[in-house]
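Reading through the structure tokens given below for one structure.
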Amino acid sequence: MSEKAKNSEKHFSFNCPACKQGKIKIKKTTYDLPDGDKMLILKFECNVCNFHNNDIIPLTTNMNPGIMSLKVTEEEDLKSKIYRSPLGKLEIPELELKVEPGPGADFYYTNVEGILFRFEAAVSIYRKNLEEKDPQIEEIDDILNKLKKAMEGKCNFTLKLTDPQGGSYIIPHDESKYTFERIEKIE
Ligand SMILES: [Zn+2]
């Protein structure tokens, strides 16, 4: 855990909505972001089943539009945290993968590993819907292979998050691998 994160744990006595037996534990983490902002993350966990949930509350608002890039070169980098606003475009150029912003997009908070899982799920579904002799299959399998290696920290790639309004974040595990390039705000 980064020294910039402050943790506190609180035990509440409300029951788990999933299993109805366990108690929900709330873990509160405050992050100091690289640009001076702060963000509060509430993590809810059941002590009996595996129910869990996250809530993110930006304590100050980063409205710096820009392009955030994170170089992932080892397994530890997969722990870097990503917070994407609905206006953020997320890309892995080396794997030709991207998530476009859209009105249906959610805010989401995860780590690099979580993003790779999302991509893998999406690419796998896409592959399932192809005809058996579709020429794309070879290419798709190649992407799936690379994703697998990436999840094991055996494939270098860049995670790029472009946010024209500001509000998205990358919290790097290793700050030397992170760059932020400001862009002019699109009104
Ligand atoms: Zn439970």
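Bear in mind these aren't lab numbers, they're just calculated from the coordinates by the rules spelled out. Computed from a prediction, not measured in an experiment: that's the story for all the values here. Cβ atoms come from the backbone with ideal geometry, glycine included; neighbour counts cover every protein chain shown.
The alpha carbons of segment 46-182 occupy a box of 52, 43, 33 Å along the principal axes, longest dimension given first.
Residues 132, 100, ranked from the fewest to the most other C-beta atoms within 10 Å, line up as 132, 100.
Label-to-label distance, residue 47 versus residue 100, with points set 7 angstrom from Cα along the beta-carbon direction: 4.8 nm. On the beta carbon distance between residue 54 and residue 19, with R0 = 22 Å, the FRET formula returns roughly 0.75. Taking other C-beta atoms within 10 Å as the exposure proxy, 98, 160 rank 98, 160 from fewest upward.
Residue exposure proxy: 46, 19, ordered by other Cβ atoms within 10 angstrom of their Cβ from fewest to most, comes out as 19, 46.
Report the calculated FRET efficiency for residue 6 and residue 131 (r = Cβ-Cβ distance, R0 = 45 Å), to the nearest 0.05. The value I calculate is 0.25.
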